[in-house]
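Novice: Below: one structure in structure tokens.
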Amino acid sequence: MPAVLSDSSAGHGEASQSLAHLVEHAAQHPNTGPKWVLLIVLLPVLGFVLNAFYAAFGNKSKIPAWTTIALLAAAFIATLSMFLSYEGTPYTVQAFEWFNLHYGDKSFVANFSFYIDKLTILWMLFVTGLATLIALYASEYMSHDIGAGYCRFFAAFCLFVFSMACLVMGDNMLMLYLGWEGVGLCSYLLIGYFYKKPSAVAAAKKAFIVNRIGDLGLALGVYLTFVHFGTIQYAELFANETLHSYINAAATGDFSHIPAQAQWIALLLMVGAFGKSAQFPLYVWLPDAMEGPTPVSALIHAATMVTAGVYLIARFYPIFLVSEHALPIVAWIGTITALLAATIGMAQFDIKRIMAYSTVSQLGYMFAALGLLSTTGAAFHVLTHAFFKALLFLACGAVMHGFAGQLDLRKLSGVAWMKGWGIVGVTMLVGCMNLAGLPYITSGFYSKDMILAEAFITPGYRMIGWILVFTAILTAYYTFRVYFRVFVGPEHAEPGDEHDDHDDDHHSDHFHPHAPGWAINTVLVILACASMLSISLAYIQKAEHHGWVGSMVAESSASYHSPYAAEAHHAHVEHADMHPVAGPVGTAAPGKVFGMDAHAGMILVSGLGAIFGVLVAAYFHGPKGWQGLFIGGRTESGKCRMDAIARRAGPLPRLAENKWYVDEIYAAILVTPLRIISHVFHWIDKLLLDGLVNLFGFLPRVFAWIIRPSQSGVLQGYAVSMAGGLAVLLFVVLVIVMNSGGAA
Amino acid sequence: MSQQTVLLLALMIVPLLVAMRIAFSKNPDTGYRPALITSWLLMIPAWKLIADFDFSQGATTQFAYSISWVESLGLKFSIGMDSVSLLLILLSVLLGPIVVMASKTAIVKDKRMYYAWLMVLQAAMVGVFAAQDLLLFYICFEFTLLPMFVLIRKFGSTNRVAASVKFFLYTFTGSMMTLAGMVYIVWFVAQPDQLGHWTLDIATLTQYASNMSMGEQTWVLLAMLAGFAVKVPLFPFHTWLPLAHTEAPTAGSVILAGVLLKLGTYGIYRFAIPLAPTAFFEYAPEIAVLSIIGIIYAGLICWVQTDIKKLVAYSSVSHLGFCVLGLAALNVTGFSGSILYMLSHGLSTGGLFLMIGFMYERYHTRDMNAVGGLASKMPVWATFMVFFAMASVGLPGLNGFPSEVLCLISAFQSDAAWSAAGEPGAWGSSLGPWFTVFAGTGMVIAAMYLLFMVGKICFGPLREPEDHHPHDVLPTDLSLREIITLTPLAIGCVLFGLQPTLLLDAISEPVNNTVVLVEQANGLESAPSRIDSVIEHADEHSEAEITPDHHTPEGASHE
Amino acid sequence: MNHLNHLVQAMDSVQLAQMSFPAELPQTVLAPYLFVSAAMFAIGLIGFLTRKNMIIMFLCTELMFQAAGLALIAFGRHHLQADGQTFVIFVLCVAAAEAAMALALVVLLFRHRESLSASAWKELNG
């Protein structure tokens, strides 16, 4: 943890200018925007309703897909219009009242309204864009399920986009929570799409429950925000003077005057973010979520839902700034997750699983970026990662679709050379290059470089920086392991278990792969182009804001300017009103890498690392000849040089392959004891509590059993008791009489 | 006697008359049609009453009417309703036709008896909520026990005898003690230094009851809670519920979960709190602890059940823990959330019990190990099942969410140290954040057991018992009649999830008045504006350059 | 000899009492009547408790009645009030009516069980 240094010049008494523009607007009532913005939210709802109708009326065509694509494309166009018409001031658009409790002078207000600022627009652009593309992909991918399943898929898909829109565009924390849980529900429905498979049902349940643990933290954070600040609406919250006073205090590094209540808000919100974005220790649901169809994995578990945690922290960055420990924890957890997931990904054989772990790992990068006070880096990486990860998943999905569900990289080889698979091969290469972060030619490099550089710039986080660099090398390795095993080399394919009826000439020994159709290929090409074109985003407005993404982030609540930005970045910080806020890190001198300026140094280090990772993968997994970059030695699909090393490496490979037994540890520490406790409670309820009640009911019976002999039917018995009773009565009376007589 | 009063009386008397008519008919298999027509027709006066109710005066008792019985003892028959009673009456009336329609194929013998008692139950439920004096309240309160007893005893499942007896005796014992407590209050108010003459009018009693000493109030509270806590049910007085629910026929379970459990919480809101405010304030944390134990304990038990009906029964215990937590918080958020919970729980859990009933009619087993994966065979049923499960789990957008949120926030708010930035003048009883944290784990547990249930019964490979054969009358999936019974509940779930203000605005005035009553009885004052006080503290530490703008909340205009 | 004198004096007092209100009567006059009454009651009680024959049991109850009557008369004479005697007349009437009913019941019971034993009806259990 970095030491907190106070520097009187850094802004004591100075309002946080990064929120200055927000304050100006919110000091009056926030602007209301045009109502057509609501279309972005309404069109997916319409899609959901229409698809539900299609399902109810037994539609058996591709109409659900076309409806969905059309509506989502319209939503994307609406988002574009929103972007183009944005005038620089955040505004609110209300749909209807939701919670509006007033009592005395207090109020609990959370309406169904939407808050649009540049962060929102940034997120919605890629959410709606990717949703449209992936819907197009899914129209072909899911075509073997046409009928009720097809309608159900697209209904849940539309509902998901609606929930994501509410999450990102909501203007208060309850709207965010609604979207949060909504995406969780859709994730449950879509992971469990193949509901006849017990593994899919279990995976869906696991995802929902682990997410719910995060949701609990988020809910508590929301309540605490309301109790402490009196409001959960963004416009009011970011203009709240108490919050500003806290930020000013935090800017000087002085956290002692910020009440613990306020600091806990960030910690609780953080738990929610960890749950949704699959960070350690709540990441275990994401790899299992691969049970869902591939479009679901691509959209939800790579590009949109899992970035919700990043969005959460970015949106509430002011609240995170005032908490002393929250951002450092975020940074470290992100780093640990990145490393952990990379190590597991290296040892998996299922290509979708590898991609899932790589998602977890890259999300770790994004969280680390947030913790390192680089919201721009995080947002940029979210954007580039969304494109190339979706691309990678969709390409793997194409492979799965064409090879009857085969995903094991030991059983596939040379796919790129098979007829009709060329586009998949090329786009896969583009995606892998981006994920590995090959220098200068991929957008993934730019975003990752921003994060890595930030790690060295911000003092106290060098360790994180080196871990992330190491993880980058691992990333390059495992990514290209997949590429070199599956896509190049001698052609070989074993079919998977899902024999579907596409292959008319399918015999058990002659298996013909099913090449992807135009929908899949189109989407892959678009995504590959988008990945490459997003390199340009790094150069737009590079001087003022570190890129286009930076310009979007700068005018939102996520903006934060590191004091080292001026020093470390190539360009100058020209705008006079961008006073840096020191935040929890203090104002020590910015770090350097090998004596060089951090950015330049990082380009060198990470670039070389990526190339090194690719070469290692080529050596161990690449085929002979130019396809393996002339250093590979693989001649068949199942065996490679790595096997020998793995055999001699001891327990490590097996541990990594078994995910370090984290799931089993959780089961042993949490699930099994909880189940035992539940059984114990059940028995307590049955035996103890119910037993007490039954005992209480049993008492009259016991009493009766004692008394019953007196009703013997023997006349004389009754007479005896009468006589005896009379005698006792007489005795008592006499005693009383004697006593009172004596006393008197 | 105004027209609306006549309608209110009709809501109570017409079902009784119809019940007698059904009971005295010659054919033991009639009763469905009269019951159906009556229950549907009763919706008309109910809607008329909503239309004519003046919601801006939600706290005043409207459409009041009273006849004296024994003047010197203050015994009267008096009815009337404020908005809280109105909403609960509506819930009872809404469930009427739903329950009758759901029983059409489930009950095959002795229909006459069944529908007659169902009509009596309907009348009694309306009577409880409409009662404005203790006598009528208590009579109707007990009168709900008798039909339920018969329904379980005669039309229930294998273990029905034990279930009906335990249900009746347990709740009856509790209510006897409640009666004792109430009689004490009546006697107290009749003392010459209080009111001076006998009355059982609830409003009058409320005025004088807070004059009781702390000791008296404690005993009275214990007595009243004895009855209401059993009814709610509050841990550890809940053991009758799983048995009663599992053995009852579908309609019985729906009404039991939908309305009869709310008699307990309504009783706490209407009687226990206003008539013993100081004692309730004193013991609110203990009551809240019991409710939280109930939430977690019952939730975990749900998780390991094999009988699906018992699972949902324990889930009722868990959910109503939230309800009581809201009541124990003694602030506006808590009461609003609690009453909202009463209404929404009726819809969602009623829906769940209907689903289970429909499944049971076709498969004759409730064992989740014997029957499962029904989504392949009954997709419409499965869709509704997932829907109601999501409403039950508290998914935002459906009606479980607003109520749960408000109940949880209320516990947070009701700690003076937390919610008023350390200023004196509590904003509720003294619960606090830890109560919310533990109650919040109930959210996670709810997800666990509900998804466990849905995962077993809806999803997975299809499992049917070996001797299963298709039903004679019912189709494989839901019939139109069954869908009609579910639709109002589903619409209600969505409507009140997205527009809780409809209900919250209606109940805001009575809730406010109750809170004021509690505060006055305990000598508290409302806390000063929290935001201002916190700013004052903050100003000591920084020179905020922004002029302290009084941030009035958005939409401050009262709708 | 003394006893005889006392008796003569008592008879004189009775005569005197009937003519006018005399002085207090000696206490010892009461005691024998009470002894006799107690003895009769005890005999009746023990007889009721130990005999099985219903008619004999009834006889014993009558004996207990008479014992009570005797005690009533004695006390009435002791306090020089008519209440005791009045009460006894009532008791005799009630006893007579009750005797009629009881014997009728005994006859009916006998017809069912062909036995006058009270234990024949044990199953009635009170």
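Novice: Which numbered condition in (1) on the phi < 0 side of the Ramachandran plot; (2) away from chain C (no Cβ under 14 Å) is the only one that A:MET722 fails?
Specialist: All conditions pass for A:MET722, except number (2).
Novice: Can I ask one more? In region B:194-228, what residues are within 28 Å of B:ALA64 (Cβ to Cβ) and not in a helix (DSSP H, G or I)?
Specialist: Within region B:194-228, B:GLN194, B:LEU195, B:GLY196, B:HIS197, B:TRP198, B:THR199, B:LEU200, B:ASP201, B:SER210, B:ASN211, B:MET212 qualify.
Novice: Continuing with this model, one more query. Being of a type in the set (Asp, Glu) and part of a loop (DSSP other than H, G, I, E, B) is the filter; apply it to region B:471-483 and report the residue that is surrounded by the most Cβ atoms within 10 Å (Cβ to Cβ).
Specialist: The selected residue is B:ASP477.
Novice: On the basis of being surrounded by 10 or more Cβ atoms within 10 Å (Cβ to Cβ) and either away from chain C (no Cβ under 14 Å) or at pLDDT below 85 (or both), does A:GLY742 make the cut? First the steps, then the outcome.
Specialist: Values: surrounded by 10 or more Cβ atoms within 10 Å (Cβ to Cβ): no; either away from chain C (no Cβ under 14 Å) or at pLDDT below 85 (or both): yes.
No: the conditions fail for A:GLY742.
Novice: While we're here: Would you check which residues across region A:624-677 are closer than 30 Å to A:ILE336 by Cα, more than 14 Å from every other protein chain (Cβ to nearest Cβ) and either of a type in the set (S, T, N, Q) or not in a helix (DSSP H, G or I) (or both) and list them?
Specialist: If the condition is that a residue be closer than 30 Å to A:ILE336 by Cα, more than 14 Å from every other protein chain (Cβ to nearest Cβ) and either of a type in the set (S, T, N, Q) or not in a helix (DSSP H, G or I) (or both), then A:CYS640, A:ALA649, A:GLY650, A:PRO651, A:ASN658 are the ones that fit.
Conditions (1) at the interface with chain A (Cβ under 10 Å from one of its Cβ atoms); (2) modelled with pLDDT of 95 or more; (3) closer than 17 Å to B:ALA490 by Cα, marked per residue:
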| residue | (1), (2), (3) |
| --- | --- |
| B:MET385 | no, yes, yes |
| B:GLY394 | yes, no, yes |
| B:SER410 | yes, no, no |
| B:SER419 | yes, no, no |
| B:GLY422 | yes, no, no |
| B:SER430 | no, no, no |
| B:THR441 | yes, no, no |
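Novice: May I ask you to verify whether A:PHE703 is more than 14 Å from every other protein chain (Cβ to nearest Cβ), aromatic (Phe, Trp, Tyr), farther than 30 Å from C:ARG51 by Cβ and surrounded by 10 or more Cβ atoms within 10 Å (Cβ to Cβ)?
Specialist: For A:PHE703, the condition - more than 14 Å from every other protein chain (Cβ to nearest Cβ), aromatic (Phe, Trp, Tyr), farther than 30 Å from C:ARG51 by Cβ and surrounded by 10 or more Cβ atoms within 10 Å (Cβ to Cβ) - is met.
Novice: Taking the condition aliphatic (A, V, I, L, M) and either in a loop (DSSP other than H, G, I, E, B) or under 26 Å from A:THR335 (Cα atoms) (or both), does A:LEU268 pass?
Specialist: When the stated conditions are applied, A:LEU268 passes them.
Novice: If you check B:GLY455 against the conditions, is it touching a strand residue (DSSP E or B) at 6+ places or on another chain (Cβ under 6 Å), within 10 Å of chain A (Cβ to nearest Cβ), crowded, with 20+ Cβ neighbours inside 10 Å and more than 30 Å from B:TYR283 (Cβ to Cβ)?
Specialist: Taking the combined requirement at face value, the residue does not satisfy it.
Novice: I would also like to ask the following. One residue is enough: does region B:333-347 have a residue meeting the conditions surrounded by 24 or more Cβ atoms within 10 Å (Cβ to Cβ) and in contact with a His (Cβ under 7 Å, 6 or more places away or on another chain)?
Specialist: Scanning region B:333-347, I find at least one residue that is surrounded by 24 or more Cβ atoms within 10 Å (Cβ to Cβ) and in contact with a His (Cβ under 7 Å, 6 or more places away or on another chain), so the answer is yes.
Novice: Please find, among B:VAL405, B:VAL380, the residue that is β-branched (Val, Ile, Thr), part of a helix (DSSP H, G or I) and within 23 Å of the chain's Cα centre (by Cα).
Specialist: None of the other options fit; the residue is B:VAL405.
Novice: Exactly one of these conditions fails for C:GLY84: (1) loosely packed, with under 14 Cβ neighbours inside 10 Å; (2) without any contact (Cβ under 8 Å) to a residue 24 or more places away in the chain. Give me its number.
Specialist: So C:GLY84 meets the others, but not (1).
Novice: Something else now. Answer yes or no as to whether B:THR476 is more than 12 Å from chain A (Cβ to nearest Cβ) and closer than 23 Å to B:LEU398 by Cβ.
Specialist: The answer is no for B:THR476.
Novice: Assess whether B:TYR314 counts as being of a type in the set (Phe, Trp, Tyr), in contact (Cβ under 8 Å) with a residue 60 or more places away in the chain and under 30 Å from B:HIS364 (Cβ atoms).
Specialist: Yes.
Conditions tested, residue by residue: (1) under 25 Å from A:PHE208 (Cα atoms); (2) buried (at least 17 other Cβ atoms within 10 Å of the Cβ).
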residue: B:GLY432; (1), (2): no, yes
residue: B:ASP467; (1), (2): no, no
residue: B:THR485; (1), (2): no, yes
residue: B:ALA490; (1), (2): yes, yes
residue: B:LEU504; (1), (2): no, yes
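Novice: In addition: List the residue pairs whose Cβ atoms are under 8 Å apart, where the first residue sits in region B:429-442 and is at positive phi, the second is not basic (Lys, Arg) and not in a helix (DSSP H, G or I), and the two are 6 or more positions apart or on different chains.
Specialist: As it stands, the answer is B:GLY432/B:SER414; B:GLY432/B:ASP415, since those pairs meet every condition given.
Novice: Take B:LEU121 and tell me if it is closer than 30 Å to B:LYS26 by Cβ, of a type in the set (A, V, I, L, M, F, W, C) and not in a strand (DSSP E or B). Talk me through it step by step, then tell me what you get.
Specialist: Numbers: closer than 30 Å to B:LYS26 by Cβ: yes; of a type in the set (A, V, I, L, M, F, W, C): yes; not in a strand (DSSP E or B): yes.
So B:LEU121 passes the test.
Novice: Quick test of your reading of the structure: B:HIS238 fulfils all but one of (1) out of contact with any Phe, Trp or Tyr (no Cβ under 6 Å at 6 or more places or on another chain); (2) more than 14 Å from every other protein chain (Cβ to nearest Cβ); (3) surrounded by 23 or more Cβ atoms within 10 Å (Cβ to Cβ); (4) touching a residue at least 60 places away in the same chain (Cβ under 8 Å). Name the failing condition by number.
Specialist: All conditions are met except number (2).
Novice: Would you say B:LYS48 is surrounded by fewer than 19 Cβ atoms within 10 Å (Cβ to Cβ) and among the basic types (Lys, Arg)?
Specialist: For B:LYS48, the condition - surrounded by fewer than 19 Cβ atoms within 10 Å (Cβ to Cβ) and among the basic types (Lys, Arg) - is met.
Novice: Let me ask something additional. Would you confirm whether any residue within region B:43-62 is in a strand (DSSP E or B) and in contact with a strand residue (DSSP E or B) (Cβ under 8 Å, 6 or more places away or on another chain)? Spell out the reasoning first.
Specialist: Going through region B:43-62, the residues in a strand (DSSP E or B) turn out to be B:62.
Narrowing further to those that are in contact with a strand residue (DSSP E or B) (Cβ under 8 Å, 6 or more places away or on another chain): B:62.
So far as region B:43-62 goes, yes, one or more of its residues are in a strand (DSSP E or B) and in contact with a strand residue (DSSP E or B) (Cβ under 8 Å, 6 or more places away or on another chain).
Novice: Consider region C:101-126. How many of its residues are within 14 Å of chain A (Cβ to nearest Cβ) and part of a helix (DSSP H, G or I)?
Specialist: Of the residues in region C:101-126, 12 are within 14 Å of chain A (Cβ to nearest Cβ) and part of a helix (DSSP H, G or I).
Novice: At least 1 residues that are free of Cβ contacts under 8 Å to residues at least 12 places away in the same chain and surrounded by fewer than 24 Cβ atoms within 10 Å (Cβ to Cβ) in each: list the helices (runs of 4 or more DSSP H) lying fully within region A:349-457 that qualify. Don't jump to the end; show me each part of the working.
Specialist: Working: elements: A:351-371, A:375-402, A:422-436, A:443-457.
Because the criterion is at least 1 residues that are free of Cβ contacts under 8 Å to residues at least 12 places away in the same chain and surrounded by fewer than 24 Cβ atoms within 10 Å (Cβ to Cβ), the helices (runs of 4 or more DSSP H) in region A:349-457 that meet it are A:422-436.
The values are calculated or read from the model by the stated rules, or taken from the named source; none is laboratory data. Just so it is clear, the structure is predicted and the values come from calculations on it, not from any experiment. A quick note on method: Cβ atoms are made from the backbone with ideal geometry, for glycine too, and the neighbour counts reach across all protein chains shown.
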